[in-house]
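Nothing in this text is a laboratory measurement; each read-out follows from the coordinates by a stated rule. What you are looking at is a predicted structure, and each value in this text was computed from that prediction instead of being measured. All Cβ positions, even for glycine, are placed from backbone atoms using ideal geometry, and neighbour counts span all protein chains on display.
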Amino acid sequence: MPLGPIVDSHVHLWDPDGILVPWLQTSWLNSPHGLAEYSQVTEGVEVDAIVYLEIDAAESYRLTEAKQIARLAERDPRIQGIVACAPLEDGDHVRGLLEDLVEVGPLVKGIRRIYQAEPDPAFCLRPGFIRGIQILPEYGLTCDLCGNYTQLESSVELVRQCPGTEFILDHIFKPDIRGGQLEPWRSQMTEMAGFANVVCKISGAVTEADGKNWTVADIRPYVEHALEAFGEDRVVFGGDWPVVTNAAPWRGWVDALDEITASFSDTAKRKLWAENARRFYRLPAGPTT
């Protein structure tokens, strides 16, 4: 059981009838997944705050998505942060959307533009994409990076060119756990951890393993390396619900991470499960324990 109330830094919520999400059309997850369902799957663990992560909606719905979640937060105070989507590859042309997203309210903390499915492993090094990320600090926004192990080398170079932007790596940058491949992901993650403006989200490991046949031993080397490389002050827990259910129940992932970090000090556990997420995403102070 995690120590004290936790912050889930990676939660998706959707109603397929509300906004258009193309990838959901052919997914078994194509049904409502809202706060009521989230409360059911997290029962037994005290989730004090969540950060909503954009769901790769159709481009014309991305501002609507942020507005809908902001309205939802008025009814449920657990929603304390929103990471919205914007076409960062548009460079300076994305400024108008960034301005609109910031106007949604202070819950909008950061931007994510998923590039894990881009066939070009150097997509994130296109000049427009670099420029789009470089201007995020002007709007008080951080950047969630969501790629995979084949794009990690170029993502290291991206971070090198954006020293003023605060980054967080989603899903320990999706190593090839299913294939048992540690290198070059391990060395590149160590290099990435050398940048002080990068935090690592400990999430998504089970979905990169062997479906529902994974074991804690399968994911342990990858999770432990991410934890060690970034250190106790730059790692945050993310549940990745409901995508995590492709491989495990939310609680199954929580229990696995709890087992892997059993030897952590109470201080390190509080940082991983809550405090670091509050700091990175600039969330309100949590309850004292």
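The sole residue among G18, G34, G4 that is small (G, A, S), surrounded by 13 or more Cβ atoms within 10 Å (Cβ to Cβ) and over 30 Å from V235 (Cβ atoms) is G18.
Residues in the stretch 112-136 that are within 19 Å of E54 (Cα to Cα) and in a helix (DSSP H, G or I): C124, F129, G132, I133, L136. Residue pairs whose Cβ atoms lie under 6 Å apart, separated by 6 or more positions or on different chains, with the first residue in the stretch 227-243 and touching a residue at least 12 places away in the same chain (Cβ under 8 Å) and among the charged types (D, E, K, R) and the second part of a loop (DSSP other than H, G, I, E, B) and surrounded by 19 or more Cβ atoms within 10 Å (Cβ to Cβ), are D240/S203; D240/G204. For the stretch 76-111, a residue qualifies if it is in a loop (DSSP other than H, G, I, E, B) and of a type outside the set (D, E, K, R), and the qualifying residues are P77, A86, P87, G105, P106, L107.
Would a scan of the stretch 93-113 turn up a residue that is touching a helix residue (DSSP H, G or I) at 6+ places or on another chain (Cβ under 9 Å), touching a residue at least 60 places away in the same chain (Cβ under 8 Å) and of a type in the set (K, R)? Working first, answer last.
Initially, the stretch 93-113 is screened for residues touching a helix residue (DSSP H, G or I) at 6+ places or on another chain (Cβ under 9 Å), giving 93-95, 97-102, 104-105, 107-113.
When the remaining residues are screened for being touching a residue at least 60 places away in the same chain (Cβ under 8 Å), the result is 109-110.
With of a type in the set (K, R) added as a condition, the list becomes 109.
Taking every residue of the stretch 93-113 in turn, at least one turns out to be touching a helix residue (DSSP H, G or I) at 6+ places or on another chain (Cβ under 9 Å), touching a residue at least 60 places away in the same chain (Cβ under 8 Å) and of a type in the set (K, R).
Taking the stretch 31-75 as the range and being assigned to a helix (DSSP H, G or I) and of a type in the set (S, T, N, Q) as the test, the residues that pass are S39, Q40, S60, T64, Q68. Mind listing whichever residues of the stretch 166-205 are under 21 Å from V83 (Cβ atoms), surrounded by fewer than 22 Cβ atoms within 10 Å (Cβ to Cβ) and touching a Leu at 6+ places or on another chain (Cβ under 8 Å)? Passing the criteria: only V198.
Of all residues in the stretch 127-156, those that are over 20 Å from the mean Cα position of the chain (by Cα) and surrounded by fewer than 18 Cβ atoms within 10 Å (Cβ to Cβ) total 3.
Strands (runs of 3 or more DSSP E) fully within the stretch 146-263 that include at least 1 residues being of a type in the set (D, E, K, R) and within 28 Å of E89 (Cβ to Cβ): 198-202.
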